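Structure first, then comments.
Read-outs: derived from the displayed coordinates by stated rules, not from any lab. Keep in mind the model is a prediction, meaning the values are calculated, not measured. Neighbour counts run over all protein chains shown; Cβ positions are idealised from the backbone, glycine included.
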Amino acid sequence: MKTSIRIHIVALLVALAMPISASAWMKSICSGNGEELDWDNETTQIRFSSVSFPVGSYRDGLDTAIDRWNENPSDFDFTNSFGDTSIDFSNDQSEAWFTSDNDYDPAMAVVRYKGITFCSNPRIVEADILFYSNEDYTSSMSTTSLWEYDTNDNGISARPFQTTAVHELGHALGLEHENDEYNVMGQDWTHVHVNGSTARAYAGEDACDGAVDLYGSVDVEDLSVAHWKWDGRSGEYSVHSHTELFSSSGIAPLDSDPYGEWLEYHAHPGQTIQVELTYENNGQSDHDIDVGIYLSGNDLITTADPRLGGFGITLSRGNVSTLKTAVTIPADKPLGDYWIGAVVDEDDIVTEVTESNNATWIRLTLD
């Protein structure tokens, strides 16, 4: 089910537009003169259908997805309004609604341009976002509700609504699909941050870089670490897999057992292992920071947990960094279940738009 699902974008008069890549992210340009297709203004309003988004968890989820994009360092913001009773295409209003038309399965951003026929000052003038009402969405971001965190092997099939919304808002902003890097404009449901048992949808470094290219930057800083990584392509979409724990050589993954759709790795007290995680700079500026590797008795990694080691790194917006770090498990550590992970900016030097994405984990059993 998962591998067959796609997210689509329709650009009206798209025959005269084409995607162009810089770094990894993709944007649309007018094919006649190469001018990029973006909004004239630095903000646009998304109007929520009163029928599709009454007060409740799905309205909250779309609202949160907008907030996630507004945390990025580009000089562009979405605003929103509730209670739209006149949704339609080509009405010069950007709107969001659920539809039973399976042409929009599972979701689609329908983008309309002006000036594209002759590439004369082409601009986005409307971006409607449609969600297929018969898709098995979940508004919950609890890991027990999400596809790739089915730790009890319950056959969960629900698609996270919030990550889908972040992806479609990326199209509304002017970004295309991406397959060269870990990116929400690829496989969105595996582009999340997790520390504890709640996932957090977010725009991510590469998409933020594209947004800055389109609209310029403002003073927003954000660093993060995730237990996901780029793992290839499926057509125009990036595919992501879990980061891993490796032997001391950094080549062979540690022995592991299935933990639902997750893997639980095995090591021994006194053993040196390598911890693989993905580090991102989702903000405006470069930062020299310290990263600590910690071993916890639960799935919430903090600086209060035992520190096994660490390293210094310069994080720059533009390239997502999946790195391995060697640490040694204390020889006197009791056997049992643990979570090993990292905290970025562990001394809390950088003032960030959010601190909730600065740590993450991988499951580990000592035996």
- Note on the structure: Rounded to the nearest 10 degrees, the helix 57-70 long axis (Cα) sits at an angle to the longest Cα principal axis of the chain of 90
- Charge dipole (debye, nearest 20) of the chain; +1 at Cβ of Lys and Arg, -1 at Cβ of Asp and Glu: 560
- Item | Segment Asp92-Val218, extension gain: residue separation times 0.36 nm, minus the distance between their alpha carbons | 42.6 nm
- Sum up the lysine pairs in the chain that clear both bars: alpha-carbon distance under 30 Å and a spacing of 8 or more or different chains. 8
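Starting with the highest mean, order 225-233, 345-353 by the number of other Cβ atoms within 10 Å, averaged over the residues of each peptide.
By packing density, highest mean first, the sequence is 225-233, 345-353.
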- Query: Under the definition of Cα pairs under 8 Å and six or more residues apart, what whole-number percent is the relative contact order of region 8-216?
  - Reply: 26
- Item | DSSP-assigned coil residues among GluC sites (Glu not before Pro) in region 35-90, each with at most 15 further Cβ atoms within 10 Å | Glu42
- Message: Please give the Cα centre distance for region 168-222 versus region 325-367, rounded to the nearest Å.
- Response: 24
